[in-house]
Amino acid sequence: MPAVTEQALQFLTRPTYDMEIAAGVDRLVKDSIELPVIEKSETKPYLEFTYNFGTFFIETSYEHDFVTATDTVGPFEYYDHVIAFSIGKPELFVLTLRYERRSEQAPDRLADKLGSETSWPLAELSLDLTNRHNLRIRAGAEKGGLVCSGGVCRFEEPFKGVKLVLTSIF
């Protein structure tokens, strides 16, 4: 039976009123979800730092994703690095620069699903147009794949170019 299991451990500290440091490990196991992969497990240690300057904030993060997957041919392993830096003014905008890199190319048999790229630079500007409308402008590359959040999973195609996303709440 297809299933996704998520586990998380996080340590959070606020050394000052304006500073927050978070470190943790997320673990995700996908059974028979991402065809042709039979099982995929991801272990993601991460570190995040946020500082609020009052009128604006900065945030930086690093994530190292260890991935083990098994398909009909056999197991394979790789890891992804993700580093991101954001600066923003609450309720107005957030500018994020993000770089993601995979340790090696996906096996040829999975290149159609996972793509053959090994790095994905991305710049994103998120604008809060009103309290009900947000516009995100993304330029760069996204690796795509199965994205799970809050128990809901969806497949996103690999992407390179410019993307505009308008989110409205009614």
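Just so it is clear, none of the values below were taken in a lab; they were calculated from the coordinates. Keep in mind that what you see is a predicted model, and the values were worked out from it rather than measured. Because the Cβ atoms are built from the backbone with ideal geometry, glycine has one as well, and the counts that use them run over all protein chains shown.
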Given charges of +1 on the Cβ of Lys and Arg and -1 on the Cβ of Asp and Glu, with all other atoms neutral, how large is the dipole of the chain about its Cα centre, in debye to the nearest 20?
440 debye
Built amide H within the under 5 Å cut-off of Phe93, gap 5+:
Asp128
Rounded FRET efficiency, nearest 0.05, which uses the C-beta distance separating Val29 from Phe85 and R0 of 30 Å:
0.50
Per residue of the chain, what 222 nm ellipticity follows from adding -39500 (n - 2.57) for every DSSP H run with n ≥ 4, rounded to the nearest 500?
-500 deg cm²/dmol
How do Asp18, Asp65 line up, fewest other C-beta atoms within 10 Å first?
Asp18, Asp65
For the chain, the Cα convex hull volume per residue in Å³ comes to 126 Å³
For a protection proxy built on the mean count of beta-carbon atoms within 10 angstrom, sort 152-165, 67-80 highest first, please.
67-80, 152-165
Stretchable slack from Ser116 to Glu104, in nm (0.36 nm times residue separation minus alpha-carbon distance):
3.4 nm
What spacing in nm lies between the two simple spin-label points modelled at Ala8 and Ser168, each 7 Å away from Cα in the Cβ direction?
3.0 nm
Putting +1 on Lys and Arg Cβ atoms and -1 on Asp and Glu Cβ atoms, find which of Leu97, Leu166, Pro15 reaches farthest to the positive end of the dipole of the chain.
Leu166
Partners for Lys89 among lysines (Cα-Cα distance below 26 Å; same-chain residues under 8 apart left out):
Lys163
Taking 0.36 nm per intervening residue step and subtracting the Cα-Cα distance, what contour gain separates Phe155 from Phe49 on full extension?
35.2 nm
At 0.36 nm per residue, minus the direct Cα-Cα distance, what do Met19 and Phe66 gain on full extension? Give it in nm, one decimal, please.
14.1 nm
